[in-house]
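See structure below.
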Amino acid sequence: MKLADKKELLQKYLHEKGLKSTVQRDDIIDTFFKANTHISLEELLKKVRRKNSKIGYATVYRTMKLLTECGIALERQFGDGQTRYEHIPDDSHHDHCICVKCGKIIEFENQKIEHLQKEIADKLNFTVNNHKLELYGLCSKCAD
């Protein structure tokens, strides 16, 4: 889904909920989509305050909740107690390798893994609605 489509989907969602688009919300959304990383609320707040110093934590939280509810952002937990957000990928599903020492998150795609997951689900007569694969270990820097 392209960025313009995501913003259109959000506008429809806001209209359905009787909410308006605000300058603060728009600043948060633009900053989030430019970040292109797994970002925590605190990190997003720090970035968005460079653009608009009057934005508060609660506004960032509520905006990310809206993005998640309308299906254009994903809420992620990587085992460190901190919630991070990422945008829905434009093209395909991806998985994650997470360094347990420095917290680095590496995205990867592997069609063999995707095929094996589908094969297993089919064999078990199971319909998969969603899935995630997270591998925890040490990145190359921390492994040295």
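Report every pair of residues separated by at least 6 positions or lying on different chains whose Cβ atoms are under 7 Å apart, first residue within the stretch 50-68 and without any contact (Cβ under 8 Å) to a residue 40 or more places away in the chain, second in a loop (DSSP other than H, G, I, E, B) and loosely packed, with under 13 Cβ neighbours inside 10 Å.
none
Against the conditions (1) among the charged types (D, E, K, R); (2) modelled with pLDDT of 90 or more; (3) part of a helix (DSSP H, G or I), where does LYS6 fall short? Just the number, please.
(2)
For every residue, the table says whether it meets (1) in contact with a His (Cβ under 9 Å, 6 or more places away or on another chain); (2) aliphatic (A, V, I, L, M); (3) closer than 16 Å to ILE72 by Cα.
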| position | (1), (2), (3) |
| --- | --- |
| ALA4 | no, yes, yes |
| GLU8 | no, no, yes |
| GLN11 | no, no, yes |
| THR22 | no, no, no |
| THR31 | no, no, yes |
| ASN36 | yes, no, yes |
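All but one of (1) among the polar types (S, T, N, Q); (2) at pLDDT 90 or above; (3) part of a loop (DSSP other than H, G, I, E, B) hold for THR31; which doesn't?
Only one criterion in (1) among the polar types (S, T, N, Q); (2) at pLDDT 90 or above; (3) part of a loop (DSSP other than H, G, I, E, B) is unmet by THR31, namely (3).
When the residues of the stretch 80-89 are filtered to those that are surrounded by fewer than 17 Cβ atoms within 10 Å (Cβ to Cβ) and under 20 Å from ILE113 (Cβ atoms), which remaining residue is modelled with the highest pLDDT?
ILE88
The values are calculated or read from the model by the stated rules, or taken from the named source; none is laboratory data. Because the structure is a prediction, the values reported are computed rather than measured. For neighbour counting, all protein chains shown are included, and Cβ atoms are generated from backbone atoms with ideal geometry for every residue, glycine included.
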